[in-house]
Amino acid sequence: MTFESPDVVPAYLDYNATAPARPEALEAAFAAMRTVGNASSTHRSGRDAADRVDLARRQVAALLNCSPGEIVFTSGATEANNLALRAAFSDGGRLVTSAVEHPAVLETSKALTVDEPGSLVVLPVDTDGLVDLVAFHEALARGAVAVVSLMAANNETGVLTDLAPIVEAAHDAGVLVHSDATQLVGRLPIDLAETDVDLLSLSAHKFGGPQGVGALFVRRGAALPYRPLLLGGGQERGWRAGTLNVAGIAGAGAAAEAARLALADEAKRVTALRDALEEALVEQISDCRINGSVARRLPGVTSITFRRAPADAVLASMPDVAASEGSACSSGAPSPSHVLLAMGRSREEADSTIRFSLGYATTVRDVERAVSSTVRAVRQVRAALTAAI
Ligand code: PMP
């Protein structure tokens, strides 16, 4: 049997929502599903399952340059974020995060501080989407911070956070640091021997692994109040009870390995494709604006506001392109992107913004198709709106 990436719509440019599964991930997940065995069982079948999990743990650890014993497999980044914040936050302390975090961090932060809303500090960002470092240092100086949680890369704009100085200042103040690196892992290198975060979340489906599998990195020796979300059989060293998802984890490991080996080349190639897409759109469509720091972004992401062209109408007019209005997690909901609003955009601008996200399997043809369809769709929607006035 041969394994190829799944068929996708003609131009799939929604890698930040989810990436197509890598052939290596399909093969590893399928091989694991064809065997029987609970990774906790001591007989041969159980040991076979445990071996597949061990291999995946080493593969994920290699992508992050950490120790395999520092990886806790979860059901994805939502669970990893919940687990990290619950583990690191202690009552009476303060929790510092930013206005552009994923809801999995923002909602968990609100829930943990619900009895004392003043203990939640949400840092603003500037018009480029970069976290206000003055506000960060002020929050640290006020003391009693239990944990800082700042994302490594934003899912809507791709804007990167320079974690090193943040971690250094937090650790000088004796404060734990968590980073939601879901959009960064597998797209840009990260070296946890250098970047000294205590906790880091990732999700396999963003780099070509299966959906519903992720991991939390927990630095060995980090002084954490230990509060797992799931209690039970003590799997994952007590951090996450429940029979391990062997097939999903095996797929995640294989995807991590494939991403690690190809990362440098992919990042270069994807950056060039993203830049070509962006240049063509800005050249051919009037009155548009790129959101987020152009100098500090993920390789494959561009968030573009096409003024006077509501994104839902534009996307509906180009069914041959898969792109996103804001983030997939909130699409369908009528509220505008909290990320773009935090960056100072108006509601109208936020509602007229499309996120294109490219990845390892994106081709020049995908980009050409996306350009011609978007140009046509934006012109069509603007013309219809003008005619309606
Ligand atoms: N954090 C970020 C930054 C994300 O982009 C996502 C996925 N949209 C998540 C967390 C949640 O990941 P998962 O789908 O694995 O729960």
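Descriptive notes on the structure:
- Here the accessible area of the chain is 54 percent carbon and sulfur, with a 1.4 angstrom probe and all protein chains present.
- Its relative contact order, with pairs defined as Cα atoms under 8 Å and 6+ residues apart, puts segment 129-234 at 20 percent.
- For the chain, DSSP calls about 55 percent of its internal beta bridges antiparallel.
- Based on protein heavy atoms only, the chain ends up with 42 Å² per residue of surface accessible to a 1.4 Å probe.
- Simple label model, 7 Å out from Cα along Cβ direction - A111 to K268, nm: 4.4
- Taking only the C-alpha atoms of the chain, the Rg (one decimal) and the largest Cα-Cα distance, Dmax (whole number), read 21.3, 73 Å.
- Choice from E283, E116, E266 with maximal GNM fluctuation in the chain (Cα, 10 Å cutoff): E283
- Each label was represented as a point 7 Å from its Cα along the Cα-to-Cβ direction; for N38 and E168 these points are 4.9 nm apart.
- Linear extension gain, A193 paired with A387, 0.36 nm per residue minus alpha-carbon span: 64.0 nm
- GNM flexibility winner over the chain from R237, R269, R57 (Cα, springs under 10 Å): R237
- Karplus-derived HN-Hα couplings along segment 223-229 (A = 6.51, B = -1.76, C = 1.60, θ = phi - 60°), whole Hz, x at Gly and Pro: 7, 10, x, 8, 9, x, 7
- With contacts taken as Cα pairs under 8 Å at a separation of at least 6 residues, the chain carries a relative contact order of 24 percent.
- Estimated from helices alone, the mean residue ellipticity of the chain at 222 nm is -12500 deg cm²/dmol (sum of -39500 (n - 2.57) over DSSP H runs with n ≥ 4, per residue).
- The chain: DSSP helices with Cα axial extent of at least 18 Å and average Kyte-Doolittle hydropathy no lower than 1.0: none
- Between L123 and T97, S98, A99, the built amide H atoms are under 5 Å apart, and every one of these is 5 or more places off in sequence or on another chain.
- When the charge dipole of the chain is built from unit charges on Cβ atoms (+1 for Lys and Arg, -1 for Asp and Glu) and taken about the Cα centre, the candidate among V114, A255, A170 whose Cα reaches farthest toward its positive end is A255.
- Nitroxide proxy distance, nm - points 7 Å out along Cα→Cβ at R308 and T127: 2.1
- Semi-axes of the equivalent ellipsoid for segment 236-389, Cα gyration tensor, largest first, Å: 33, 20, 15
- Dipole moment magnitude, nearest 20 debye, segment 23-258 about Cα centre, only Lys, Arg, Asp, Glu C-beta charged: 1020
- Converting phi to 3J(HN,Hα) with the Karplus coefficients 6.51, -1.76 and 1.60 and the offset θ = phi - 60°, segment 344-351 yields x, 7, 6, 4, 5, 5, 4, 6 Hz in sequence order, with x at every glycine or proline.
- Amide H to amide H distances under 5 Å link V301 with L358, where only residues 5 or more positions off or on other chains count and H is placed in the peptide plane.
- Evaluating 6.51 cos²θ - 1.76 cosθ + 1.60 at θ = phi - 60° for every residue in segment 286-302, the Karplus couplings come out as 6, 6, 10, 9, 8, 9, x, 4, 5, 7, 10, 9, 4, x, x, 10, 9 Hz, glycine and proline recorded as x.
- Dipole magnitude of segment 246-378, debye to nearest 20 (Cβ charges: Lys/Arg +1, Asp/Glu -1, about Cα centre): 220
- Positive dipole terminus of the chain, leading residue within V367, S337, G212 (C-beta point charges): G212
- For E325, distant residues with modelled amide H under 5 Å away: R355
The values are calculated or read from the model by the stated rules, or taken from the named source; none is laboratory data. Treat the numbers as computed from the prediction; the structure is a model and nothing was measured. We place every Cβ from the backbone using ideal geometry, glycine too, and count neighbours over all the protein chains shown. To get the accessible areas, we keep the full protein, side chains included, count just its heavy atoms, and leave off ligands, DNA and RNA. Shrake-Rupley method; radii C 1.70, N 1.55, O 1.52, S 1.80 Å.
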